[in-house]
Amino acid sequence: MSDDRGGLVNAIAVEFQGESWQRCQTHFTKNILDACPKALKPELHSRLRLMFEAPDMDTAREFLGGIIADFADRAPKAIGRLEEGFDDAMAVMVLPQCLRKRLRTTNCVERLNEEIRRRERVIRIFPNDDSAVRLLGAVLIERDEDWFTGRRYLNMAEYW
């Protein structure tokens, strides 16, 4: 799961062969709306949300068809972006419903990075590489303990 960065997507394809890649739906929506005329943004945004929250892929494709039919003439550049990235943004549909909401965006990754940055700002200058690795390891261990002993971020029982 990531934004559509060419180098990152290529690295994922090389290093994790056979695995699917989920394009962040939040960033994808922003990319589409950036190419949309301002007057149409609210309507298109609400239609995109309905499409992303569809219960299955067939319903999502029906929403896609409706969006294309309604906006192709008025926002061709935005619809081109939507058609180009639809399959990547909907890769999460193969997962059980209970996991989709958490794995359709990069929120968990961005939150983890923000927590690391928050701790790093306190230290400011690391005396060596090992001290930076120790801080990163401590943050990751703390997050792992929170996810397994506190409120679970992902409940994998249905998936397994």
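The values are calculated or read from the model by the stated rules, or taken from the named source; none is laboratory data. What you are looking at is a predicted structure, and each value in this text was computed from that prediction instead of being measured. Virtual Cβ from ideal backbone geometry, glycine too; neighbours counted across all protein chains shown.
Regarding R121, is this residue more than 26 Å from N10 (Cα to Cα) and of a type in the set (D, E, K, R)? Yes.
Filtered by the rule that a residue be of a type in the set (K, R) and under 18 Å from A60 (Cβ atoms), the stretch 103-127 gives a lone residue, R104.
Could you grab me the full set of residues in the stretch 6-32 that are farther than 19 Å from H45 by Cα and surrounded by 11 or more Cβ atoms within 10 Å (Cβ to Cβ)? Walk me through how you get there before you give the answer.
To start, the set of residues in the stretch 6-32 that are farther than 19 Å from H45 by Cα comprises 6-22.
L8, V9, A11, I12, A13, S20, W21, Q22, listed by residue number.
Restricting to the stretch 31-54, count the residues that are under 20 Å from the mean Cα position of the chain (by Cα) and either of a type in the set (K, R) or part of a helix (DSSP H, G or I) (or both).
The initial filter retains those residues of the stretch 31-54 that are under 20 Å from the mean Cα position of the chain (by Cα), namely 31-35, 44-54.
This time we only want the ones that are either of a type in the set (K, R) or part of a helix (DSSP H, G or I) (or both), so: 31-34, 44-52.
Of the residues in the stretch 31-54, 13 are under 20 Å from the mean Cα position of the chain (by Cα) and either of a type in the set (K, R) or part of a helix (DSSP H, G or I) (or both).
Can you tell me which of T59, T106 is β-branched (V, I, T), surrounded by 13 or more Cβ atoms within 10 Å (Cβ to Cβ) and either closer than 15 Å to C24 by Cβ or touching a residue at least 12 places away in the same chain (Cβ under 8 Å) (or both)? When all the criteria are applied, what remains is T106.
I'd like the full set of residues that are at pLDDT below 90 and of a type outside the set (A, V, I, L, M, F, W, C), limited to the stretch 81-112. Passing the criteria: P96, Q97, R100, K101, R102, R104, T105, T106, N107, E110, R111.
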